[in-house]
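Structure, as structure tokens:
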Amino acid sequence: MRKNWILVWAVLFVALLPVSAQVLEPVKWQFSLEKVDETQVMVVAEASIDRGWHLYSTDLPAGGPIPTSLNFEEAPGLTPTGALETAPKAEPSFDEAFQMEVGYFSGKVRLSQLVTVAAGAPAAVGGYVEFMACDDHRCLPPQQIDFELKLPEMQLSAPKGEVEEAVEAAVVAEAGAEASAEADGSTSVVAVEEIATGEQLAAPVSEEQLVPAEDEAEAESYWGIFWLAFLGGLAALLTPCVFPMIPLTVSFFLRNADNRARALRDGLFYGLTIIFAYVFLGLAISVIFGANALNAMATNPVFNVVFFALLIFFAASFFGAFELTMPAKWSNALDSKADQSGGLLGVILMGLTFVLVSFSCTGPIVGTLLVEAAIGGNMFSPAVGMLGFGVALAVPFALFAIFPTALKSLPKSGGWMNSVKVVLGFVVLAFSLKFLSVADSVGQWGLLNREVFLVLWIAIFLLLGLYLLGKIKFAHDSDLPYLSVPRLLLAIGVFAFVFYLIPGLWGAPLRAVGSVLPSITTQEFNMNRLGGAQATVAPVLGEHMKEGPYGLVKYTDYETGLEAAKAVGKPVFLDFTGLGCANCKTMEAQVWSDPQVRDLLAKEFVIVSLYVDDRERLPESEQYVSELTGRKVRTVGNKWTDFQITHYNTNSQPYYVLLNHEEEAMNTPRGFNTDVEDFVKWLKEVL
């Protein structure tokens, strides 16, 4: 009996052990072949993608991650015809790590390629699909899944002459379009092959069924958008168009001073009207444009340039160049209707009046928040953002409506209000550069690199600090007889931010604002890299050596790096990474850039970086079939992927291992984690 209990506890212990390393297969493929006519077939590859993961699209800019592709082995009589079709289309998104617009597939995707079959063709069509899967914290190396599909019986004519081939080529596009649109049952599926493990896919999936899976982090994304918009609403409370609405609100709701129940009812309806107006705006934009269209616009160079110009326009207004106001007849008409109506209708009209009157100041904040929400690419993101913004505005004004007599201590609007407006003008001006930066990165224009961006920010915030000290004065500013304590504290904060930005001109990572700045790869003068190079880069980089980030030397071959570590008596820092691994770049930018981490890596370790997406083809004599996965190893990246799976039972990147000279792990390997202190502690464990 006791042995049984021991067995039970042993099973439970093993089952509850945390999985620190595992071979992941979040994408499962099914291949099929559909006969189109007597000379053409359609090769179809369908992917089922686990929740929270995504594939990159089939068409990506140069210098980005590995695109998804359907590749065919060369064979006489078999010719891929026309472009590769995907259903659904890739979801556009701006990738901060690569500073470019990329496309994602999630949920399910179908790749279709028309193939023309001529006389003398083999009995089967073969090839492989290549893809790269990532989630929010890790990427897998590019994988190549082979397929071989038997061709159906076809009545093939003798080889055609040049004239006949030219005529046939003219109708290829039309034939491909007709083949991809066929859904009447005449197209026959003649071969199906299941690849990888997991549930079998239902055979051919219609485009309507190819709905992207919801991301597990979607709820967190909504909350992030909500709180960002909420903070924007709090900032809007201090604008010259919103703050003066307080006395108007108080005067309207003073009629309820002796009726607590009615004051509570009217205040709640007033607040709900403000919230509803902003949420309706967010929903209307989503319905009119759609989530994908909003996301596409948010990463479109033309749209970003237009929005940049619009924010410059608003900033000029905040500086006093001209006054932006809603047409007086609109707000006056609503205001008079509210006075005449009384009751709940008057309260609702009063809420709409508030939204219209305040929009000339809240417009740039609302527009910026809508763009940020649209980048999430979800239908409800703009509505969630406007909910947060509306709540921030509605709650205090609902309280003003409920307790109209308790507002005597609030400061009167005056010169300080114009100062708030000017400060917002500087902030809007600085933030407008983010949109110009996105346009420049996506369009690859090379106009706004990291140095130019930082110089402009330093100039803008330096002028803001001088304004707060009273050294700069605009046309509508009042005289500043003395410097108030809040103004002084704000000026100190602004100057501190300026001094924080200055080292970025020489390559400092500036992690606090790194997500807003252009990529550090656009910086032409980088002392951080050059200084590190003098200490860590060999005078001449030998074979399988390269200069990594921040001047660190990397060996790109395992055996070569191991021998170098033995020669200098240092442990190996084994880095499984990728040229197209966004999370690897994030780790390098946020963790490797830390001076303590950089010094430890340079002085105490030999870095061996194995690129799992290196597409350099291995010589035929070195290609092999993996004993563990059964897949053919064709490239250098395939080799290091197989090495990682075989030795560490995992295939995700980034993945770091500290090895001694006997190739034994000296502590627990680790993956994506941007905690710098924890990373330093992990490195020091083996010293």
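The values are calculated or read from the model by the stated rules, or taken from the named source; none is laboratory data. Quantities reported herein were computed from a predicted structural model and do not represent experimental measurements. Cβ coordinates were reconstructed from backbone atoms using ideal geometry, including for glycine residues, and neighbour counts include every protein chain displayed.
The condition of being outside the structural domain of Phe307 (by TED's automatic domain parsing), at pLDDT below 90, part of a helix (DSSP H, G or I) and surrounded by 14 or more Cβ atoms within 10 Å (Cβ to Cβ) does not hold for Gly465.
Just one residue in the set Val420, Val442 is under 24 Å from Ala321 (Cα atoms), surrounded by 16 or more Cβ atoms within 10 Å (Cβ to Cβ) and modelled with pLDDT under 90; that residue is Val420.
Being surrounded by 14 or more Cβ atoms within 10 Å (Cβ to Cβ) and touching a strand residue (DSSP E or B) at 6+ places or on another chain (Cβ under 8 Å) is a property that does not hold for Thr674.
Does Leu628 satisfy being assigned to a loop (DSSP other than H, G, I, E, B) and either modelled with pLDDT of 90 or more or of a type in the set (A, V, I, L, M) (or both)? For Leu628, the condition - assigned to a loop (DSSP other than H, G, I, E, B) and either modelled with pLDDT of 90 or more or of a type in the set (A, V, I, L, M) (or both) - is met. Scanning the stretch 558-587 for residues that are part of a helix (DSSP H, G or I) and surrounded by fewer than 17 Cβ atoms within 10 Å (Cβ to Cβ) yields a count of 6. Among the residues of the stretch 79-92, those that are aliphatic (A, V, I, L, M) and modelled with pLDDT of 85 or more comprise Ala83, Leu84, Ala87. State whether the residues of the stretch 620-634 include one that is charged (D, E, K, R), under 20 Å from Ala565 (Cβ atoms) and either free of Cβ contacts under 8 Å to residues at least 60 places away in the same chain or not assigned by TED's automatic domain parsing to the domain that holds Gln144 (or both). Scanning the stretch 620-634, I find no residue that is charged (D, E, K, R), under 20 Å from Ala565 (Cβ atoms) and either free of Cβ contacts under 8 Å to residues at least 60 places away in the same chain or not assigned by TED's automatic domain parsing to the domain that holds Gln144 (or both), so the answer is no.
Matching residues to (1) in contact with a Cys (Cβ under 9 Å, 6 or more places away or on another chain); (2) over 24 Å from Arg138 (Cα atoms); (3) at pLDDT below 85; (4) among the charged types (D, E, K, R):
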residue: Pro65; (1), (2), (3), (4): yes, no, yes, no
residue: Ser69; (1), (2), (3), (4): no, no, no, no
residue: Asp95; (1), (2), (3), (4): no, no, yes, yes
residue: Leu114; (1), (2), (3), (4): no, yes, no, no
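Evaluate the following for Glu677: is it over 30 Å from Ile145 (Cα atoms) and either over 27 Å from the mean Cα position of the chain (by Cα) or of a type in the set (Ser, Thr, Tyr) (or both)? Criteria not met by Glu677.
Suppose the filter is at pLDDT 85 or above and either more than 20 Å from Pro301 (Cβ to Cβ) or not assigned by TED's automatic domain parsing to the domain that holds Gly320 (or both); does Phe431 pass it? No: the conditions fail for Phe431. Of everything in the stretch 589-610 that is in contact (Cβ under 8 Å) with a residue 40 or more places away in the chain and among the acidic types (Asp, Glu), the residue that is surrounded by the fewest Cβ atoms within 10 Å (Cβ to Cβ) is Glu604.
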